[in-house]
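Take a look at the structure below.
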Amino acid sequence: LLDVRGMSGWFIDQVRNQERRALWGSVALHLLATLAPGLIILWLGRQAAVPLLRGLERRGNGSWLLRLPLAIGHFLLQALPIAAFAVASYGILAVLAPSSTVQLLTLAVLSAMVVAMTLAGFARALFAPLTPGLRPVPLTDDSAAYLWVWSRRMIDLLVFPYFIPQAALLLGVPPAFYSFLTRLI
């Protein structure tokens, strides 16, 4: 990190070099082209799942043996829109067929999002902060909300930093910066 010349030189090269600017533009364009439709499909899928989730909530409040299958159903109803997001985004990326560097960078972002959303869906089904009748573990509402918030923070803190240094390597960051990122994480 103390290698300021190396870092500033890399940043200046990204701005001045036409090929590097083109790479950044291509990355931004392909991220937008793959994420925007995928996020719309994710939102539509979540909206479609709301009535089904409400139906599960009405069946809740039973014994632990009843809540476990409902919690699994709760997770699956959250996982289906995520799967639709993944299929749409990965499919669009395959159709666009960008250069290998752009494809790998886009795959890193998409993969991080899919992993984070899936883990968050599992945590939401496990802690069910807003639906105590579906909560498979014996927790108070406050404890469930607290654990949900912190599990989400930990998921984001662990998943995205795993992919960031790998993406940075693909962009050709100086070795000192890559080393700093991995040590920071």
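Miscellaneous remarks
- Each of Ala176 and Met154 was given a label point 7 Å from its Cα along the Cα-to-Cβ line. The distance between the two points is 3.6 nm.
- The portion of the accessible surface of region 1-131 made up by carbon and sulfur, rounded to a whole percent, is 71 (1.4 Å probe; DNA, RNA and ligands excluded).
- Highest-first arrangement of 156-162, 10-16, 129-135, where packing means the average Cβ count within 10 Å: 129-135, 156-162, 10-16
- Between 0 and 90°, nearest 10: helix 4-16 axis offset from the chain longest Cα axis: 90 degrees
- The chain, helix-only ellipticity at 222 nm - DSSP H runs n ≥ 4, -39,500 (n - 2.57), divided by all residues, nearest 500: -30000 deg cm²/dmol
- By definition, a body whose alpha carbon gyration tensor gives a ≥ b ≥ c is oblate when a/c is 1.5 or more and a/b is not larger than b/c, and the chain fits this oblate description.
- Relative to the longest principal axis of the Cα atoms of the chain, the long axis of helix 64-96 makes an angle of roughly 30 degrees.
- Helix 100-127 vs. the chain, principal-axis angle (Cα, 0 to 90°, nearest 10): 20 degrees
- Using θ = phi - 60° in the Karplus curve 6.51 cos²θ - 1.76 cosθ + 1.60, the 3J(HN,Hα) couplings for region 130-136 round to 9, 10, x, x, 9, 6, x Hz; x is entered for Gly and Pro.
- Theoretical FRET efficiency, 1/(1+(r/R0)^6), r = Cβ-Cβ of Leu39 and Glu19, R0 30 Å, to 0.05: 0.50
- Solvent exposure of the chain as accessible area per residue, Å², 1.4 Å probe: 59 Å²
The values are calculated or read from the model by the stated rules, or taken from the named source; none is laboratory data. Small disclaimer: the values here were computed from a predicted structure and weren't measured. Because the Cβ atoms are built from the backbone with ideal geometry, glycine has one as well, and the counts that use them run over all protein chains shown. Accessible surface areas use protein heavy atoms only, side chains included; no ligands, DNA or RNA. Shrake-Rupley method; radii C 1.70, N 1.55, O 1.52, S 1.80 Å.
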